[in-house]
1. What do you reckon, is Phe498 outside any helix (DSSP H, G or I), on the phi > 0 side of the Ramachandran plot and hydrophobic (A, V, I, L, M, F, W, C)?
2. Can you report the number of residues in segment 455-512 which are touching a residue at least 40 places away in the same chain (Cβ under 8 Å), of a type in the set (Phe, Trp, Tyr) and either surrounded by 17 or more Cβ atoms within 10 Å (Cβ to Cβ) or within 25 Å of Ala255 (Cβ to Cβ) (or both)?
3. Condition first: outside any helix (DSSP H, G or I), in contact (Cβ under 8 Å) with a residue 24 or more places away in the chain and more than 30 Å from Met155 (Cα to Cα). Now tell me which residues in segment 1-55 satisfy that.
4. Just a yes or no: is a residue in segment 120-135 touching a Pro at 6+ places or on another chain (Cβ under 8 Å), closer than 24 Å to Ala421 by Cβ and not aromatic (Phe, Trp, Tyr)?
5. Can you confirm whether segment 490-497 contains a residue that is at pLDDT 90 or above and either of a type in the set (S, T, N, Q) or closer than 20 Å to Ser246 by Cβ (or both)?
6. Can you tell me which of Leu436, Leu416 is buried (at least 21 other Cβ atoms within 10 Å of the Cβ), among the aliphatic types (A, V, I, L, M), touching a Pro at 6+ places or on another chain (Cβ under 7 Å) and at pLDDT 95 or above?
7. Is it the case that Gly216 is within 30 Å of Thr132 (Cα to Cα) and in contact with a helix residue (DSSP H, G or I) (Cβ under 8 Å, 6 or more places away or on another chain)?
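The values are calculated or read from the model by the stated rules, or taken from the named source; none is laboratory data. All values reported here derive from a predicted model rather than from experimental measurement. Quick reminder, even Gly has a Cβ in these numbers, built from the backbone with ideal geometry, and neighbours come from all protein chains shown.
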Amino acid sequence: MLVDIFGIALFVILFVVFALLGFYGSRFRKGEMKTLTGWGLGGRLLGPYLSWFLLGADVFTAYTFVAVPSLAFASGSAAFFAVPYVAIVFAIAMLTMPRLWRISRKKGFVTASDFVKARFNSRALSILLAITGVVAILPYIALQIAGMQAVLITMLYGVADAQLVAEIALVVSFIILAAFTFTSGLRGVTLGSVFKDILIFLTVIVVIVAVLANFGGFGSAFSAVNAAKGSASAPYSSLPSASVPSFFTLFVGSALALYLYPHIINGSLSANSPKTLRRSLAALPVYSIGLGLLALFGILIYAVPGALSIVKATGNGLLTVPALVVTTLPGWLAGICLLGIFIGGMVPAALMAIAGANLISRNIVREFKPKMTVEGETRLAKWLSAALKFIALGFVFVAPLTYAIQLQLLGGIIILQLLPAVFLGLYTKRLEWKSLTLGWIVGLATGLYLVLAANHFGSLATSSFGTPFGLVYIGVIALAANVIVSVVGSLISARLGFFRKSLIKESELVSA
């Protein structure tokens, strides 16, 4: 084993602490737990610090911790799209989330689909967008599990039956996660996010210090990677000019997509006021510093021969950060840091499951069972949140990990198609529901077709499509098609008098 018994013991002990925090959430800031607002939004009681930790938990996920460095390890500078993406995403959030919070609080909305239904007086559009959100979120949960798997594989490296032990550990962890999410809802997830983020920042700092002190640091890493995979005319660590359009559209498209994901909106609506939400968003760029350092881990590994040998021996780039942890830190500290990455998957997975369950219970099932009680709606969401976790866990066990990654390539493209109805709907009344529905269809069809075409109708390996301007992120192309159809269709509908009266007064939206 690469982690000694003391390190594994600390891993287990601190995991128990994390679980106890999750269960304690039901008693933390007590409030109504029989409604979706109380259980799924924490009663909208989170202050600026807790809100900051919770929203930050969706930036520093286990998948982020393994996928971004893995991309840097495999593709060099292309991975650094994550840095400008995180830098601008919070400006987008500032323009949309406080406004959505105000109108949601006033009208009792729990999801973005609630807002869309009232804004455009369309039950059908609301259901379609809810389904879209659930579809986009499931592979995201699966990829959190992939990050957790990477931790267990590294920690048990060289042990007989390591795969079986890792799978049992994942099942037990998810049973505990499902239990405290069921009882504590968002409150338990929030307390877990505080614990998780502290460990994550500790991991980033101590690994960098260890590599600087013992392996020559970034200078040695960049020299090694350029010698191994680059050339004098094209250093591996620099971005080729041909990749600039793809890089630019990828970070812009990713930034537009993030605050459309159900779990991000769910976290935003849990703040206790728009002022609190703005303060949290203003402080979140701190995470972009950590994410930039994290991306550098994919280069830093070239300065650590032991870590590099683990990744090459397994052929799994997702082990980049766990391998750095176990080869640069003493066993006890490695156990603590590996736990940070491990629960870095559990916290976002729980929040994603809550958000997906809210959508299914409130915006799909309730639409067909309008007589469902508030308590029944919440009870269904609790069970659905557990089911979504185990559906994603089962998918990881029965399907190759590459399938989950391939599906996630589609996730951003799919979720971007909510933008006209949600983001533009916050600012204009000139969009019409049938036109938005047609735009949604055209955007999805365009995105799916271009993804298949870009991958020659085989395994998905890229989300960029060749254009006269170079490779462009397909999500941006599909969104452009969606917006054009939605706007043109709405103009025609206005001429023909097809608009429905909004259930939200314009004065209410302006005041928001």
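1. Here the answer is no, as Phe498 does not meet what is asked.
2. Within segment 455-512, residues that are touching a residue at least 40 places away in the same chain (Cβ under 8 Å), of a type in the set (Phe, Trp, Tyr) and either surrounded by 17 or more Cβ atoms within 10 Å (Cβ to Cβ) or within 25 Å of Ala255 (Cβ to Cβ) (or both) number 3.
3. The answer is Phe28, Arg29, Met33, Lys34, Thr35, Leu41, Leu45, Leu46, Gly47.
4. yes
5. Yes.
6. The unique qualifying residue is Leu436.
7. So Gly216 does not fit the description; no.
Listed here are the residues, each with its yes/no results for (1) in contact (Cβ under 8 Å) with a residue 12 or more places away in the chain; (2) touching a Phe, Trp or Tyr at 6+ places or on another chain (Cβ under 8 Å); (3) among the β-branched types (Val, Ile, Thr).
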| position | (1), (2), (3) |
| --- | --- |
| Leu128 | yes, yes, no |
| Asp161 | no, no, no |
| Val171 | yes, no, yes |
| Leu177 | yes, no, no |
| Arg187 | yes, yes, no |
